[in-house]
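The structure under discussion appears below in the form of structure tokens.
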Amino acid sequence: MSTSLLYHGFGVVGYQYIRTDYKEGQIIFTLSRKKFSLRCPVCKSKRIIKHGSLPRWLHSLPIGRISTFIKTEIPRVECKECGIIRQADIGFADARYTYTRALGRYVLDLARHMTISDVAKHLGLSWDLVKSIQKRHLLKKYGKPNLRQLKRIAIDEIYVGKRGYLTIVLDVLSGAVVFVGNGKGSDALEPFWKKLRRYRKLQIEAAAIDMSPAYIKAIRENLKDTVIVFDHFHVIKMFNEKLSDFRRQLFNITEELLPKSVLKGTRWLLLTARERLNSEQDKQQRLEQALELNRPLATAYYMKEDLRQLWNWEGDKSAAQWHLTSWIEMAKNSGIGMLKKFAKTLERHFDGILAYFDFDSLSTGPLEGTNNKIKTMQRKAYGFRDMEFFKLKIMALHETKYALVG
Ligand SMILES: [Zn+2]
């Protein structure tokens, strides 16, 4: 084999080809280091003395379906500048690993389209090795996200099956997940605050969260100058939950008084936007019937639609403020307990709800997309017994070229 084939085909420079062996369906290239290419691995000085060498086998790029190995001697060199004896750099491989850099790059390329198992099988490597190649790469790229530039974040927890909950912090401007915490609530965020404390000056101007007291407290304690924006999806979700409870209560009360068919199935109708209902005449009719029998429920339903409109005042915060104020007034005067209570909740979170209009419609919405990707990734993956690996994969999601599979 020629020196230039070694270079162009296998990424090897500074070595001389000695011979090729074929053993058990594998190809072994024996190479020897060209003497002039030896340097001190630390100061790169050429003033060195060779002190013996150690044999090394390195897994190299396959030829078709056949695995190849590079066998060579790694010299030990004494540097005249440093005065220390060390193992020389291999050049085409990291001294700590058992594979060549070219093979590492190839594994990462294949991982864009294939599962870890597929790559391992295809290259005749162990599953663990393929995984650790990917993990090393992810660790280098995403292990220490730069939090100094962080301006707008969104925090939310996601449910990931057997693992329970993970708490995710998203850099809203870049779309990158910058932190994944175990569990939910304030404990899950503790390591994140710890990381932030390493930076002397932070620029986080706004954080989107739901209205849970744990998040509010955590942000107030750890990010004093950051404006809290209450996520509008969560506000509506909360209203929907209250509405469902309210309906259930009414259903229980009116069960004896009303024909069941009127109320049955209205739960879904209540949670559906009115415009979607309009296209479906009979559902609309059933809804009208149910609403007539249930004035309070009708009011609550109307109020939900009206609340939803609040976030349509994009670019007009004062109109939104008027809208929210009048909503709260109406709810308080409705005579309906559920609405009165919700009005108080909104009143307590008034500024944070309206802060949405100060930060370009900041919400935890983008996290929903990340959430879905995590679920897809998880459904197809077997490699996530390693929690650190799983977290790194999540942090790589925004620019992931890798298959969402394990
Ligand atoms: Zn040196």
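No lab work stands behind these numbers, since they all come straight from the coordinates. What you see is a predicted model; the values in this text were computed from it and never measured. Counting neighbours? That spans all protein chains shown, and the Cβs are built from the backbone with ideal geometry, glycine included.
Descriptive notes on the structure:
- Anchor residue 71: aspartates and glutamates whose Cα lies under 20 Å away (excluding residues fewer than 8 positions away in-chain): 21, 24, 89, 94
- Under-5 Å amide H pairs with residue 93, H placed in peptide plane, nonlocal only: 101
- Entries in 131/162; 23/141; 44/131; 131/195 that, when Cα-Cα distance is taken, lie over 29 Å: 23/141; 44/131
- Site pair residue 372 and residue 341 shows an inter-label distance of 3.3 nm when each label is modelled 7 Å from Cα along Cα→Cβ.
- Prolate/oblate/rounded label for the chain (Cα gyration tensor, a/c 1.5): prolate
- Restricting the trypsin sites (Lys or Arg not before Pro) of the range 66-95 to loop positions (DSSP other than H, G, I, E, B) with no more than 16 neighbouring Cβ atoms within 10 Å leaves 80.
- Least to most buried among 67, 126 (fewest other Cβ within 10 Å first): 126, 67
- Structure note, pairs 304/344; 283/375; 35/140; 140/184; 304/340: Cα-Cα distances above 23 angstrom occur for 283/375; 35/140; 140/184.
- Put the Cα centre of the range 112-134 next to the Cα centre of the range 309-353 and the gap is 54 Å.
- Between residue 210 and 231, the built amide H atoms are under 5 Å apart, and every one of these is 5 or more places off in sequence or on another chain.
- For the range 36-83 and the range 178-242, distance of Cα centres in Å: 50 Å
- Rounded to the nearest 20 debye, dipole of the chain from Cβ charges on Lys, Arg, Asp, Glu: 2540 debye
- The trypsin sites (Lys or Arg not before Pro) of the range 174-245 meeting both criteria, a DSSP state outside H, G, I, E and B (loop) and at most 15 other C-beta atoms within 10 angstrom of the site's C-beta, are 198, 200, 201, 224.
- With the helix formula -39500 (n - 2.57) applied to DSSP H stretches of n ≥ 4, the chain reaches a computed 222 nm mean residue ellipticity of -14000 deg cm²/dmol.
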